[in-house]
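Notes follow the structure.
Each value in this text was obtained by applying a stated rule to the coordinates, not by laboratory testing. Note that the structure is a prediction, hence the values are computed from the model and not measured. Heads up, the Cβs are rebuilt from the backbone with ideal geometry, glycines too, and the neighbour counts pull from every protein chain shown.
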């Protein structure tokens with residue numbers, strides 16, 4: 001796998017906004033997002049797994065560079081890209097959830113939900129709570145869209161652990177789903193040292209899926 005991984009100070013953000021496969025692609029394709037991983041959080045059930053999640057919610061955990069993308073910009077993506085659950089009560093697995101990692105994130109989220117509700121003129125039922133333990137989902141859930149092209153994973157020697165920790169995996173997962181800007185995608189293929197065969201395929205997938213639905 002290309003070895004270039006950004007070594008910059010980063011912050012974490014954690015959101016629940018429906019099926020986490022879509023969110024993994026959505027955030028992975030954003031400039032300033034360094035790494036993503038999906039899992040279960042927000043509840044009290046010990047050691048949750050997909051079939052026995054208990055009171056946890058499907059969430060995405062994001063490592064981001066705050067000098068490139070702000071928490072408020074991440075929240076904009078959060079408000080605008082729910083699959084369901086933003087205004088309708090559904091089961092906890094798919095609920096709308098913001099888990100803040102510090103008091104600044106809490107302040108921004110609590111103000112933002114009021115602003116967003118005013119813009120939409122409707123009640124938002126998003127829960128805002130302090131981030132607790134995060135339990136990574138099973139390997140087959142990580143970078144789900146990228147793993148549909150398993151030959152790329154194999155050619156780049158991306159390990160199961162790297163599906164959660166790799167900047168390259170996050171970017172490719174977003175781009176094969178058509179997320180991001182075309183010019184950013186082209187630059188990243190070169191910057192990340194992606195072999196031409198894979199880069200050409202990713203560009204085709206990007207164009208075919210650009211603007212399409214991410215929902216599961």
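To one decimal place, what orientation-averaged projected area in nm² is obtained for the convex hull of the Cα set of the range 142-209? The orientation-averaged projected area of the Cα hull of the range 142-209 comes to 3.9 nm². Centre-to-centre separation between the Cα atoms of the range 17-53 and those of the range 72-138: 13 Å. Modelled this way, with points 7 Å down the Cα-to-C-beta line, the labels at residue 119 and residue 148 are 2.8 nm from one another. Every Cα-Cα pair in the chain was counted, and those over 22 Å apart are 48% of them. Each eigenvalue of the Cα gyration tensor of the range 11-136, multiplied by 5 and square-rooted, gives one semi-axis; in descending order these are 20, 18, 13 Å. Normalised by the number of residues in the range 129-216, the mean separation of alpha-carbon contacts (under 8 Å, six or more apart) gives a relative contact order of 27 percent. Shown is the FRET efficiency for residue 138 and residue 197, computed with R0 = 35 Å from the Cβ-Cβ distance and rounded to the nearest 0.05: 0.75. The alpha-carbon atoms of the range 92-204, seen along their principal axes, cover 47, 31, 24 angstrom, with the largest extent given first. Note on residue 213 and residue 103: with the Förster distance fixed at 41 Å, the Cβ-Cβ geometry gives a FRET efficiency of about 0.70. With a cut-off of 17 Å, note down the residues of the range 74-111 whose backbone N falls inside the zone around a label point 7 Å from the Cα of residue 45 toward its beta carbon. Zone members listed by number: 90-97.
Just from its helices, what would the mean residue ellipticity at 222 nm be for the chain, if runs of 4 or more DSSP H residues each count -39500 (n - 2.57) and the sum is divided by every residue, rounded to the nearest 500 deg cm²/dmol? Could you put the intermediate results ahead of the total?
Details: 9 runs with 84 residues, N = 216.
About -11000 deg cm²/dmol.
Kindly state, to the nearest 0.05, the FRET efficiency for residue 161 paired with residue 65, given R0 = 30 Å and r defined as their beta-carbon distance. In this case the efficiency is close to 0.90. Placing a label point 7 Å from the Cα of residue 187 along the Cα-to-Cβ line, the residues of the range 67-102 whose backbone N sits under 13 Å from it are 68-69.
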